[in-house]
Amino acid sequence: MTSSDVTHTRPCQAPAGSWSPITLGVVLRLVNLWMPVLGIHSWRQADTAAMARHFALSDTPIWLPQIDWGGASPGHVESEFPLFPFLTSQFYQLFGVHEWMGRGLSVICSGITIWLVIRLGRRWFNPAAGWWGGMALAVAPLGVYYGRAFQAEALLLLCAAGALEAHSVWVERRAAWALALSWLCFTAAALIKVIPVLWLGLPLLLLQLTPFPQAPAESPRRMLQRLLRLLLNPWFWIYAATAMAVTSAWYLHAYQLGETSGLTFGFWGEDSDRSNIDLVLNLTSWVNLAIRVGLRARVVVGIPFLVIGAVRGWKVGGGRIALGGIFGLMLCTVATMRSSTVHEYYQLPLLLFSSTLIGLGWQSWQSKQGRRLVRTLLSISLIISVLVLSLDYWSVDMRQRNIWMPLAETIRRELPVDARIVSVTGPDPTLLNLARRQGWLISSTQLTPKLIKELQEAGASHLAGSFYWEETFRELPKSQRETIEHLAHISISPKNWIEQLNQTYLLPIDGLPKDF
């Protein structure tokens, strides 16, 4: 394909059948939409849901996010820019607090992202590659789960895809609105998570330097010449500087908010501990990441097509844009290795770039194969995806709902809305959000008469937690379990609530002995 051929390629319409991957992706993400905020990484979702609830009920501005674990304080916290919970709160103000609305917003964002990935595949490669790329994103278990989770990841992925699509239009047509939309989406992504500055900034730069993505990739010397010209363009510096200025302004404000309230998600300082050189140099860490990505992100079947797509993609400009995004994400993984090994949603942006390459691999391979074999492999991919989702995600939602919701519903029913409770769930705020109450988070090892007295004087009325679970997902050690069981046994309050089946409790503090 020559440059002139590409110049006349205007992929403005979605390819025929685009609604198939979009519909499949949305249907998969609607499973368990009505579930309370529980399950994998519920602690992160609970904080996002709490922010949305407080925005709606307190009618506070977007620059004053609140969480539930602020004790007797309002709970203003240092956080990323809370765009997702604030948008959710606008629906709450119209229809009431229903957490499925937050999940629904994620599903909407995911559906649009699949559509944009199809368009990007068309722009960078061809219509068939775009369709297969959309299908790869639609069925990926990691994309399905976090594409309906109550957290900002689905919106982040949408902003990233929107920035790439809008910037493609800018490079192609020089439409001012497209450059403005690209800047808006890029800045929003950086505000939501910071690290997109690298994993999204690099492919945006390559996109700017690649006027004809479907043409053969240009030589490094030619790319360097384009880069030098770009560096002399004032609009490049205006784009980058203003995006960084807005992002820096928010995080400076967030830091000051955390300094005032003492509440933070731990972005800065020694406690952040996001990077770890030992983990970076540990082969086991990378093997575990590879297994997670191979199974949960690419359902195994997608791996060979990713390799095929990467090999073919390296030869064209669009492929190098996608590979640039993967390389940027690898650098971010190294820089945040500890967080990346714990929080699997750090690998979610990989779906954006790898899906387009998988689409190219599928398209290259399926044109040489019978339709029956192609359908068989697609069916296998879908079966593996549903099995992973059922065993690793959906079943966890159901199991944790049965354990924790009776306690949460009792708190909602028996305690006033302004009651402050002590959730004995370590750093996990899931129970506080389920109960829709504010209060304190403590570990079972912190249960001492002195601390209980201090919390009662600060306004705490009840202890709540489980005899079996330290957090909603981690078992309580036997010795600590026996301590809490003994405390519940010697409590003299007639209002003690203990749910025998799931071993959860709600104990009035004024019924606890002064010394135990």
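The values are calculated or read from the model by the stated rules, or taken from the named source; none is laboratory data. None of the values given here were measured: they were computed from a predicted structure. Neighbour counts are summed over all protein chains in view; Cβ atoms, including those assigned to glycine, are modelled from backbone coordinates with ideal geometry. SASA here: full protein model, heavy atoms, side chains in, ligands and nucleic acids out. Shrake-Rupley method; radii C 1.70, N 1.55, O 1.52, S 1.80 Å.
Residues of the range 329-345 being under 20 Å from residue 291 (Cβ atoms), in contact (Cβ under 8 Å) with a residue 60 or more places away in the chain and either touching a helix residue (DSSP H, G or I) at 6+ places or on another chain (Cβ under 7 Å) or open to solvent by less than 10 Å² (accessible area, probe 1.4 Å) (or both), which ones?
To start, the set of residues in the range 329-345 that are under 20 Å from residue 291 (Cβ atoms) comprises 329-330, 332-334, 336-345.
Of the ones still in play, those that are also in contact (Cβ under 8 Å) with a residue 60 or more places away in the chain are 329, 332, 336-339, 341, 343-345.
Correct list: 329, 332, 336, 337, 338, 339, 341, 344, 345.
Please state which one of 24, 87, 64, 105 is farther than 28 Å from residue 385 by Cα, outside any loop (DSSP other than H, G, I, E, B), open to solvent by 20 Å² or more (accessible area, probe 1.4 Å) and at pLDDT 95 or above.
On the way: 24 fails: farther than 28 Å from residue 385 by Cα; 64 fails: outside any loop (DSSP other than H, G, I, E, B); 105 fails: farther than 28 Å from residue 385 by Cα.
So the residue among 24, 87, 64, 105 that is farther than 28 Å from residue 385 by Cα, outside any loop (DSSP other than H, G, I, E, B), open to solvent by 20 Å² or more (accessible area, probe 1.4 Å) and at pLDDT 95 or above is 87.
Specify the residue that is least open to solvent (accessible area, probe 1.4 Å); the eligible residues are those in the range 469-483 that are without any contact (Cβ under 8 Å) to a residue 40 or more places away in the chain and either farther than 16 Å from residue 501 by Cα or not basic (Lys, Arg) (or both). Even if it seems obvious, please write down each step before you answer.
Within the range 469-483, the first condition is being without any contact (Cβ under 8 Å) to a residue 40 or more places away in the chain, and the residues that meet it are 475-483.
If we keep only those that are either farther than 16 Å from residue 501 by Cα or not basic (Lys, Arg) (or both) as well, we get 475-480, 482-483.
Working: 475: 100, 476: 6, 477: 59, 478: 140, 479: 76, 480: 40, 482: 98, 483: 75 Å².
Top of the filtered list is 476.
Against the condition among the aliphatic types (A, V, I, L, M), surrounded by fewer than 20 Cβ atoms within 10 Å (Cβ to Cβ) and under 30 Å from residue 469 (Cα atoms), how does residue 40 come out, does it pass? Reasoning before the result, please.
On the way: among the aliphatic types (A, V, I, L, M): yes; surrounded by fewer than 20 Cβ atoms within 10 Å (Cβ to Cβ): yes; under 30 Å from residue 469 (Cα atoms): yes.
Against the criterion (among the aliphatic types (A, V, I, L, M), surrounded by fewer than 20 Cβ atoms within 10 Å (Cβ to Cβ) and under 30 Å from residue 469 (Cα atoms)), residue 40 qualifies.
How about the range 348-359: which of its residues are open to solvent by less than 10 Å² (accessible area, probe 1.4 Å) and in a helix (DSSP H, G or I)?
351, 352, 353, 354, 355, 356, 357, 358, 359
From 323, 373, which residue is open to solvent by 10 Å² or more (accessible area, probe 1.4 Å) and over 27 Å from residue 159 (Cβ atoms)?
Details: 323 fails: over 27 Å from residue 159 (Cβ atoms).
The match here is 373.
Among the candidates 206, 279, which residue alone is over 30 Å from residue 125 (Cα atoms) and open to solvent by less than 70 Å² (accessible area, probe 1.4 Å)? Full working, then the answer.
Numbers: 206 fails: over 30 Å from residue 125 (Cα atoms).
Matching residue, one of 206, 279: 279.
Against the definition (of a type in the set (S, T, N, Q), open to solvent by 20 Å² or more (accessible area, probe 1.4 Å) and under 35 Å from the mean Cα position of the chain (by Cα)), how does residue 466 come out, yes or no? Steps first, answer last, please.
On the way: of a type in the set (S, T, N, Q): yes; open to solvent by 20 Å² or more (accessible area, probe 1.4 Å): no; under 35 Å from the mean Cα position of the chain (by Cα): yes.
For residue 466, the condition - of a type in the set (S, T, N, Q), open to solvent by 20 Å² or more (accessible area, probe 1.4 Å) and under 35 Å from the mean Cα position of the chain (by Cα) - is not met.
Look through the range 484-505, keep the residues that are more than 34 Å from the chain's Cα centre (by Cα) and among the β-branched types (Val, Ile, Thr), and return whichever of them is surrounded by the most Cβ atoms within 10 Å (Cβ to Cβ). Can you show your working first?
Let us first name the residues in the range 484-505 that are more than 34 Å from the chain's Cα centre (by Cα), namely 484-498, 500.
Retained after the next criterion (residues that are among the β-branched types (Val, Ile, Thr)): 484, 490, 492, 498.
Working: 484: 21, 490: 10, 492: 10, 498: 15.
Selected residue: 484.
Of everything in the range 163-193, what is over 20 Å from residue 124 (Cα atoms), among the aliphatic types (A, V, I, L, M) and crowded, with 17+ Cβ neighbours inside 10 Å? Give them in sequence order. Quick ask: steps written out before the conclusion?
Step one: list which residues in the range 163-193 are over 20 Å from residue 124 (Cα atoms), which gives 176-177, 180, 183-184, 187-193.
Narrowing further to those that are among the aliphatic types (A, V, I, L, M): 176, 180, 184, 188-192.
Matches in the range 163-193: 188, 189, 190, 191, 192.
Confirm whether residue 313 is open to solvent by less than 60 Å² (accessible area, probe 1.4 Å) and under 20 Å from the mean Cα position of the chain (by Cα). Spell out how you get there, then give the answer.
Working: open to solvent by less than 60 Å² (accessible area, probe 1.4 Å): yes; under 20 Å from the mean Cα position of the chain (by Cα): no.
Criteria not met by residue 313.
Tell me, please, whether a residue that is crowded, with 17+ Cβ neighbours inside 10 Å, under 18 Å from residue 472 (Cβ atoms) and touching a His at 6+ places or on another chain (Cβ under 6 Å) can be found in the range 441-448.
Within the range 441-448 (the criterion being crowded, with 17+ Cβ neighbours inside 10 Å, under 18 Å from residue 472 (Cβ atoms) and touching a His at 6+ places or on another chain (Cβ under 6 Å)), the answer is no, since none of the residues qualifies.
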